[in-house]
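I have placed the structure first, in the form of structure tokens, so that the comments after it can refer back to it.
The values are calculated or read from the model by the stated rules, or taken from the named source; none is laboratory data. No experiment lies behind these values; they were computed from the predicted model shown. In this analysis, Cβ positions are derived from the backbone assuming ideal geometry, glycine residues included, and neighbour counts consider all displayed protein chains. When the accessible area is computed, the model is the full protein with side chains, heavy atoms only, and any ligands, DNA or RNA have been set aside. Shrake-Rupley method; radii C 1.70, N 1.55, O 1.52, S 1.80 Å.
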Amino acid sequence: MTGAAGRPARPSVRVRVPGKVNVTLAVGERRPDGYHDLSTVFMAVDLHDTVLVRPAERMSVTVRGRGEGRVPLDEDNLAVRAARLIAKETGRERAAEIRIDKSIPVAGGMAGGSADAAATLVACNELWGLGLSYEELRLLAAQLGSDVAFPLLGGVGLGTGRGECLTQLPEAGAGAFHWVFAVAEDGLSTPEVFREHDRLQELREVPPPAGEQERAATVAAVVRALRGGDARALARIAERGNDLQPAALSLRPELRRTLRLGRQAGALAALLSGSGPTCAFLAESAGAAAGLARVLSASGSCREALATTGPVPGCLSAG
Ligand code: C5P
């Protein structure tokens with residue numbers, strides 16, 4: 001990959017990138033490469049990280065905001081890996097100073113680290129004037145992780161393969177759905193949740209993976225609900241749509257209480273966001289979401305509860 005000679009390089013580039021919730025997450029068989037085949041509907045939500053990049057002599061990353069201190073600042077940082085990858089793939093010996101301002105919960109099942117990596121790809125593409133297309137960025141994103149490609153376009157997307165093959169789905173319009181996210185005190189490791197899922201599957205404590213027809217029917221129902229901006233219909237699907245939920249609840253049983261509190265306080269749906277431990281609640285209106293967030297915050301069952309909306313555009317479209 002060389003990258004067309006794009007626009008001239010810039011002194012610094014700032015990119016805002018959204019977090020996501022999985023409206024549905026169907027987990028298939030474990031593949032020989034250790035990943036699981038997924039069929040998942042991602043929705044980008046209005047909780048953003050901001051990534052700023054500047055030219056530098058060597059790669060570095062700093063993080064401030066929600067969850068700072070819990071993000072690795074070494075080579076494990078996905079944003080650093082993203083900057084190294086795009087430099088290597090475009091044949092440039094370049095480095096960047098990366099500054100991340102976080103609002104997306106860390107290790108919370110909302111793909112915050114993946115969002116930062118996606119934003120870093122977009123920012124470095126701009127900073128270094130590489131002129132890579134969406135498709136080229138998407139391929140780099142897929143090398144970095146299963147959830148890195150989605151935040152490029154955001155909105156609502158169907159993820160298949162291990163999550164990195166994306167189809168954009170029609171939406172009712174930006175901010176059509178009201179969500180509350182209850183952020184847990186500590187994160188959960190995604191590989192650990194998948195391992196627990198495999199264990200429960202072997203013990204037959206969770207249903208076998210959905211067949212192709214069932215998956216297609218779920219996606220069709222989600223599309224109908226999205227088109228109509230129908231929160232109640234979306235809630236019915238989302239409430240029972242996350243196959244990783246039993247595994248995350250098995251590792252963190254106390255999350256059941258948070259989900260129950262949200263339902264009692266009027267949530268249309270209560271589910272785990274991705275592999276958790278963030279609990280996601282769909283609400284009827286902005287007012288209902290604000291009320292729900294107050295109840296959850298006061299309950300002491302979470303670190304904080306955030307009311308927001310989705311879908312929102314990704315970091316390529318939002319600029
Ligand atoms: O792709 P990513 O690095 O985000 O995935 C983190 C881990 O989650 C993987 O190493 C794997 O254990 C698990 N995973 C999986 N199947 C997927 C996506 C992730 O088993 N489709």
Is there any pair linking a residue in the stretch 283-305 that is over 12 Å from residue 262 (Cα atoms) and touching a residue at least 12 places away in the same chain (Cβ under 8 Å) to one that is open to solvent by 20 Å² or more (accessible area, probe 1.4 Å) and assigned to a helix (DSSP H, G or I), with Cβ under 7 Å and at least six apart or on different chains, and which? 304/297
Residue 254 vs. criteria free of Cβ contacts under 8 Å to residues at least 60 places away in the same chain and surrounded by 18 or more Cβ atoms within 10 Å (Cβ to Cβ): no
For residue 306, state whether it is open to solvent by less than 10 Å² (accessible area, probe 1.4 Å), aliphatic (A, V, I, L, M) and either at pLDDT 95 or above or assigned to a helix (DSSP H, G or I) (or both). no
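Wholly within the stretch 112-158, which helices (runs of 4 or more DSSP H) include no fewer than the required count, namely at least 3 residues that are out of contact with any strand residue (DSSP E or B) (no Cβ under 7 Å at 6 or more places or on another chain)? Write out each step before concluding.
Working: elements: 112-127, 134-144, 150-153.
Hits in the stretch 112-158: 112-127, 134-144.
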Among 142, 174, 217, 225, the single one that is of a type in the set (A, V, I, L, M, F, W, C), free of Cβ contacts under 8 Å to residues at least 24 places away in the same chain and open to solvent by 50 Å² or more (accessible area, probe 1.4 Å) is 217
Exactly one of (1) modelled with pLDDT of 95 or more; (2) open to solvent by 30 Å² or more (accessible area, probe 1.4 Å); (3) within 16 Å of the ligand (Cβ to nearest atom) is unmet by residue 197. Its number? (2)
Here is a list of conditions, (1) of a type in the set (Lys, Arg); (2) in contact with a helix residue (DSSP H, G or I) (Cβ under 7 Å, 6 or more places away or on another chain); (3) more than 20 Å from residue 313 (Cβ to Cβ), and residue 162 meets all of them except one; can you say which number that is? (2)
The lone condition residue 39 fails out of (1) small (Gly, Ala, Ser); (2) more than 27 Å from residue 172 (Cβ to Cβ); (3) part of a strand (DSSP E or B) is (2)
